[in-house]
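Have a look at the structure below, then the notes.
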Amino acid sequence: MTLAVTTQQKIGFAIAAVAIAGWLVYIITTTRRSAQPGSEIELAPNRRPYLDDDAMEGPRLDRYLMWSLIFLGVLAVGLPLYWLREPSRQAGAQRGFDERAVARGHDLFTPAPPPSDPGSRVPHFGCSNCHGVNGTGGSTSYSLPGTNPPKQVTWQCPPLNTVTLRYRDSEIQSIITYGRANTPMPAWGLAGGGPMNDQQISDLIAYLHSISIGPEKAVAQAAPLGTDGKTLFDGYCARCHTQGFSYGEPGTEGGGAFGPNLTAGDTLRQFPDENDQIDWVTNTAELGKPYGTRGVSHGIMPHFGEMLTPEQIKAVVDYERSL
């Protein structure tokens, strides 16, 4: 793995090399001079007769003043030019930083290539094996916990090209780090017992942002569903709130699975005012912040304000309250 050297680093290395070379030349010349035989008054720099006042305040002084004026002009012109270029330099540096993070995140997202491929030397965690190429969604075989003998199902994994529209970065980081219990999503972060460090998770999130389809396209995808609450619920909510929905064996609609049971009256107790529930589905609360009458956000409930229209969100809320 090679590290790219920036232009600034090259200039710095060149200046350092010139300074070191000049210092070596000075040491060598002064050493040779001091080794020559002769009078101390003629050889010692602090004992040697110097120029008289006429020589000091004549052409020599004019020459030094001229050089001072030249360097002052360089500073007067160079500093504003540097200041004018600095915003674009910073923007370019940030752009380069982001592009490198996305490239590393892409490697993490994709499966490992054959050992003969040079790309196999960098980490690959194969997120696309479950979530599809470019995060468009996929499936994986999963052994349901608590079944004896173990029951194998085909679990439909969610698309990740909309995950940054549904979750904040801190929430995505938490999900990647600790996984989702009783689903195929394992804990990937070191804090959760997985192999990814914080930098790798940050790079992966940068890649997820790069493949996002954006709010306009997400809303357009939901438009054919209209404002039918049940249809919208099945398309966006049942994965978490209906047991077995993700593997084609749905149980009680809204009866609870990874998400809470919506049929036991808890929804109306949590949100006596329907507008509060609409705001919750639209925006949710930040990780660790309170919501409703007694809830605290754990960062696992997505928000749909960038994926559904206000009319569609109200239709979903009306349907959930009817359960």
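Taking Arg269 as the residue in question, decide whether it is surrounded by 15 or more Cβ atoms within 10 Å (Cβ to Cβ), touching a Gly at 6+ places or on another chain (Cβ under 9 Å), assigned to a helix (DSSP H, G or I) and outside the structural domain of Thr140 (by TED's automatic domain parsing). No; evaluated as a whole, the condition is false for this residue. Anything in the stretch 218-240 that is assigned to a helix (DSSP H, G or I) and closer than 20 Å to Cys157 by Cα? List them, or say none. Correct list: Ala218, Gln221, Ala222, Thr231, Leu232, Phe233, Asp234, Gly235, Tyr236, Ala238, Arg239, Cys240.
State yes or no: is Tyr207 in contact (Cβ under 8 Å) with a residue 60 or more places away in the chain, over 19 Å from Ala315 (Cα atoms) and touching a His at 6+ places or on another chain (Cβ under 7 Å)? Criteria met by Tyr207. Here is the figure for the stretch 85-106: residues that are within 14 Å of the chain's Cα centre (by Cα), farther than 13 Å from Ser210 by Cβ and surrounded by 12 or more Cβ atoms within 10 Å (Cβ to Cβ) total 1. On inspection, Ala220 qualifies as free of Cβ contacts under 8 Å to residues at least 40 places away in the same chain, surrounded by fewer than 18 Cβ atoms within 10 Å (Cβ to Cβ) and not assigned by TED's automatic domain parsing to the domain that holds Ser128. When you go through Ser120, Ser116 one by one, which is the residue that is surrounded by 11 or more Cβ atoms within 10 Å (Cβ to Cβ) and either of a type outside the set (Lys, Arg) or not in a loop (DSSP other than H, G, I, E, B) (or both)? Within the list Ser120, Ser116, the selection yields Ser120.
Going by the conditions given, is Phe258 surrounded by 15 or more Cβ atoms within 10 Å (Cβ to Cβ), under 24 Å from Ser139 (Cα atoms) and among the aromatic types (Phe, Trp, Tyr)? Yes. When the stretch 88-142 is filtered for residues that are of a type in the set (Gly, Ala, Ser) and more than 30 Å from Asn182 (Cβ to Cβ), the ones remaining, listed by number, are Ser88, Ala91, Gly92, Ala93, Gly96, Ala101, Ala103, Ser116, Gly119, Ser120.
The values are calculated or read from the model by the stated rules, or taken from the named source; none is laboratory data. The structure presented is a predicted model; accordingly, all values stated were derived computationally and were not measured. Backbone-built Cβ (ideal geometry, glycine too); neighbour counts: all protein chains shown.
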